[in-house]
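Here is the structure we will look at.
No lab work stands behind these numbers, since they all come straight from the coordinates. In this text, all values refer to a predicted model and were calculated from it rather than measured experimentally. Note that we place each Cβ from the backbone using ideal geometry, even for glycine, and neighbour counts take in every protein chain shown.
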Amino acid sequence: MMTRKLLTTTLCIGMAAVSAFQQSSFTLQTTSPAAAQSSSSRLSIGKVFGGDNTTKEQQLPKDVKDAISKCRGAVQKALENRLSRMDVEMPVGANFGVEKKKASSSRKRSSLASLTDGGDSSMEGGEEGLTMEKLDTSNRELARLFVEMFQPLGGQHISAVFNDEILADEARKLWSGDLSVECNIVAIDRKGKRSRGGLMGGKKKKKKAKGFASKMAEELEEDGSSGPFNLPKDTEVALFVAPGPKELIAIERICNEVGMGTCVILLNARLSRVEKYASDDARKLFESFEPVWFLGAASQEKSPGCLMHRAYPGKWVLARKPKIGAPKTIAIQDDMFTGDECAEAYATMEVSEIEKTSEKLAMNVAEWFK
């Protein structure tokens, strides 16, 4: 159950959290006229995110801007329905165009193709041409977009949690001085910078031998705390950026400690690819995270050129990306498509004669330039 604490911080700008309401009910208590007058800064969740979201027929996003807008709407709807455990997944290496790019011939247009890493190649090969730098940039850009979404709550209530200090430091450097992304920027592995420091270049200084007490004091001074990772005090929204299996162990502990009153959002955790969890309890926990937004390639072995999409509270959509034109929906269902379900939908789909002619022409044109 979501607590009143999260509801209040979601509904208000910069207001302190109030006492929790009964866990067994989702009904928000009404306020007195006097209280209503004194809280003129209080906003609806819809206003926090820039307008109310009305339920419309499920449609795939047409470009990057539309994808971000629809994702925002899905998160907004989830908050309205008191969900505090969310999973958000964008295409691997998606180019959001948030950070300033160096001018180059490789710059892509802001279309759905650019979001899915450049069009047909991403659908056929999956993740060819990607680098760690591109992946890190994509994940950081997505985190920035979410920090901006929740900015009305106040930066002190938002925590962007990266896997290690190298990633966190890069975000601090790029977001420094920008009032639109005020938040706590922290890392699960607080020793990451030191342990990977040898990769950063430069000569290492020789250190004098130290006793156990000196080493412990140095650890405490360097990390700022002892013991396992914890969220900063007063965190109301925790955004975990591209956590892997190792980080999921820490996230499980955090979820158990903070309870449902803190909104936990996983960004590009790729939970569908996790083959084994640390325990059955961990599996149950992460299966309980609501996939409020999913946009990515379907099984290319089972359904070539297809992608999957879901925007809460809508159904799952399997769509085919033709050589020319927008993706065409070929199947819709309540749950995420399995590989076999993708294969079945792909085998029974109908392709119009116009599409066949257009794709044949596109292939012929491609042949001319080889």
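For a quick protection proxy, order the peptides 271-281, 331-341, 86-96, 130-140 by their average other-Cβ count within 10 Å, most packed first.
Ranking, from highest mean packing down: 86-96, 130-140, 331-341, 271-281.
Describe numerically, in nm with one decimal, the distance between label points set 7 Å from Cα along Cα→Cβ at Arg273 and at Gln156.
Going by the 7 Å Cα→Cβ label model, 3.8 nm.
Quick check on my link table: of Lys62/Lys323; Lys65/Lys100; Lys77/Lys246; Lys302/Lys328; Lys62/Lys246; Lys284/Lys315, which ones sit more than 25 Å apart, alpha carbon to alpha carbon?
Lys77/Lys246; Lys62/Lys246, as the Cα separations exceed 25 Å there.
For Glu182 and Lys65, calculate 0.36 nm times their separation in residues minus their Cα-Cα distance, and state this gained length in nm to one decimal.
Once the chain is fully extended between Glu182 and Lys65, it gains 39.9 nm.
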